[in-house]
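Below is one structure, written out as structure tokens, with a few remarks after it.
No lab work stands behind these numbers, since they all come straight from the coordinates. Just so it is clear, the model here is predicted, and its values are computed rather than measured. Here the Cβ is made from the backbone with ideal geometry for all residues, glycine too, and neighbour counts use every protein chain on show.
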Amino acid sequence: MQNVWSCLINENEELLHQNASIPDSLYNIVKICKVAVLSHFDQLFDVLWKDIVVSKEDFDIANLMSLIRDRIYVQTSSNRKFIVQWLNVMLSTPAFNVLPYVAEVSDGLFRMLADGQPAVRDVTETLLGQFLQGIHNNPDALSHEDRSQMVSVLLAHAHEDEPPLGRKLALIWMDEFIRIYKDKMLPYLSSYLTAVLPSLDCDTLKAKSVNDYLLTLIEANTKIEEQTINCVIEVLLKFVTHEKRETRIAVLNWIRHLNATMPSQLFLHMDRIFPVLLGTLSDTSDEVLLLDLHLLSDICQSNADRYDVDLKSFQLSEDTVKNLSPVSPSLVKFAVSLLEMFRAEPALLNDRGVLIIRQLCLLMEPAHIYRALCVLLLREQSITFIQ
């Protein structure tokens with residue numbers, strides 16, 4: 001009995017409705033074995049119900065999905081596997097369209113990836129892969145609201161504190177979504193960055209692939225709402241001091257990319273960005289420091305015409321302002337802030353001062369750098385600091 005049963009009950013549920021002889025085979029087994037099949041009553045009943053459902057083209061799938069949605073957070077492994085098998089049957093039945101319901105059950109399915117039973121994790125991973133392939137083949141199956149809900153689910157499960165398998169699949173889904181929907185996903189850019197930036201150090205995840213593709217979506221003619229840009233800036237400034245070097249580098253590259261592609265929009269947030277970039281000069285990583293200097297030089301040069309800097313706000317005398325006239329106001333502001341940092345952090349001046357000034361001279365006009373520093377140092381009263 002068990003050998004025959006193992007042939008009939010296959011984890012590939014698609015066989016159940018592709019082979020019309022299965023119900024007849026089950027009937028003959030029950031007729032011959034009689035009482036002996038009672039130990040398999042649950043499985044027999046389940047298979048017959050599935051066969052009835054898939055053979056009824058006008059079956060109310062919405063009602064069934066409602067029942068599954070209400071039970072998707074069940075904790076028992078056997079019940080989880082039961083739900084996954086039913087979803088697999090519905091998904092593999094051409095007459096039924098389950099994709100519009102994926103947003104409703106996806107969170108529960110991702111939670112099942114942390115189940116203690118490997119069999120449950122395996123069938124759930126397979127099912128999620130089938131759902132993703134279905135979306136790839138039919139992108140319009142997900143409405144705008146469904147995509148928004150899916151991003152929230154994926155963001156939650158891509159968090160670095162989530163189980164490895166769920167985190168891995170969440171980033172795979174996020175990678176596939178931006179390749180399918182492209183610029184339609186830009187309103188969720190800040191959510192994507194929140195999930196991706198902390199994971200860039202892990203080569204087994206899709207984080208780097210997602211981050212690189214997002215950068216390609218931002219071009220000079222890309223239109224992004226101001227609210228979205230504001231949220232993106234908040235995320236970037238949050239992660240610029242992250243403990244992982246790869247994350248900090250990615251943040252600086254993002255700010256530099258935004259400055260190159262949409263400087264006018266980024267300039268509106270420069271009062272928040274500039275002080276943070278100055279603080280990054282004390283980063284322990286030379287790679288981060290050099291990239292930060294590149295970014296600061298880009299900002300000083302590209303925003304020279306936009307920067308409405310009142311030099312008198314720095315309490316500079318008229319002679320000082322006159323002597324600084326060949327230098328762009330943005331560079332003067334940077335030089336003032338840099339000297340204040342050196343004064344407040346003598347260790348930074350001693351350890352990185354020469355490197356910072358030398359690199360700035362390579363990135364910008366050396367004469368302007370030295371003029372700005374020299375003129376500003378003329379008003380310095382501390383001989384020790386000047387030396």
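As a quick test, which of the pairs K238/K333; K81/K182; K168/K238; K81/K244; K184/K206; K81/K208 have an alpha carbon distance above 26 angstrom in this structure?
K81/K182; K81/K244; K81/K208
For region 104-161 and region 167-184, what is the centre-to-centre distance using only Cα atoms, to the nearest Å?
After rounding, the separation between the Cα centres reads 11 Å.
For all pairs of alpha-carbon atoms in region 138-276, what percent lies in each bin of width 5 Å, listed from the first bin to the last filled one?
Pair shares across the bins are 2, 10, 21, 23, 21, 14, 7, 2, 0, 0.
Work out from phi, with θ = phi - 60° and the Karplus expression 6.51 cos²θ - 1.76 cosθ + 1.60, the ³J(HN,Hα) of each residue of region 103-114, listed in order in whole Hz, and give x for Gly and Pro.
Using θ = phi - 60°, the values come out as 5, 6, 10, 5, 4, x, 5, 5, 5, 5, 5, 9 Hz.
Which number do you get for Rg(Cα) / (2.2 N^0.38 Å) in region 328-387?
1.06
Could you list log10 I(q)/I(0) for region 63-191 at q = 0.09, 0.15 Å⁻¹, which the Debye formula gives when each Cα is one point scatterer?
At q = 0.09, 0.15 Å⁻¹ the computed log10 ratios are -0.23, -0.67.
Which cross-chain or sequence-distant (5 or more) residues have an amide H under 5 Å from the amide H of E345, H modelled 1.01 Å from N in plane?
Amide H neighbours of E345: none.
List the GluC sites (Glu not before Pro) within region 57-139 that fall in a DSSP loop (any state other than H, G, I, E or B) and whose Cβ has at most 10 other Cβ atoms within 10 Å.
Within region 57-139, the qualifying GluC sites (Glu not before Pro) (loop, at most 10 other Cβ atoms within 10 Å) are E57.
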